[in-house]
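The values are calculated or read from the model by the stated rules, or taken from the named source; none is laboratory data. Remember, it's a predicted structure, so these values are computed and weren't measured experimentally. Ideal geometry is used to build each Cβ from the backbone, glycine not excepted, and the neighbour counts take in all protein chains shown. Please note that ligands, DNA and RNA were not included when accessible areas were found on the heavy atoms of the full protein model with its side chains. Shrake-Rupley method; radii C 1.70, N 1.55, O 1.52, S 1.80 Å.
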Amino acid sequence: MLACASLDATAADARLGRAKAATTCTVCHGPLGISTAPNTPNLGGQPALYLEEQLKKYRDGTRRHEIMTLIAKPLTDAEIADLAAWFASIRIEVLSDQ
């Protein structure tokens, strides 16, 4: 039971992630994680685990990108989890003409 309580205490907060994203991510990735730049990936709807892993790789230098390395470097584990929770919470709907 104690283990469950500690997991809840460290749970990611999508609301905090959304606020953090508004100041650090939206210029390139858009306010809802859909980029308008051709070489910038869409983050909305991506799995949180994937996003967390990639941000940590940028932070520690395992994955390199001129801008993302600078942005990820000061992020804490909690901020990364919150950002990942925010982008993962965005539901992407594909519209079809068919």
What number comes out for the charge environment of residue 26, summing +1 per Lys or Arg and -1 per Asp or Glu over other residues with Cβ under 11 Å away? +2
How much accessible surface does residue 23 have with a 1.4 Å probe, in Å² rounded to 10? 110
Expected field for residue 59, accessible surface area in Å² at 1.4 Å probe radius, rounded to 10, holds 60
Let me spell out the model: positive unit charges on the Cβ of Lys and Arg, negative unit charges on the Cβ of Asp and Glu, origin at the Cα centre of the chain. What dipole size does that give, in debye rounded to 20? 240
Is the shape of the range 12-55 rounded, prolate or oblate, going by the alpha carbon gyration tensor and its root eigenvalues a ≥ b ≥ c, with a/c under 1.5 for rounded and a/b larger than b/c for prolate? oblate
Could you give the nm distance between label points at residue 23 and residue 78, where each point is 7 Å from its Cα heading toward the beta carbon? 1.4
Considering only protein heavy atoms, with the full assembly of protein chains and a 1.4 angstrom probe, order 90, 71 by accessible area, largest first. 71, 90
Using a cut-off of 11 Å between beta-carbons, work out the net charge of the residues near residue 62 (Lys and Arg +1, Asp and Glu -1, residue 62 not included). +3
Please compute the net charge surrounding residue 90, taking Lys and Arg as +1 and Asp and Glu as -1 over other residues with Cβ under 14 Å from its Cβ. +1
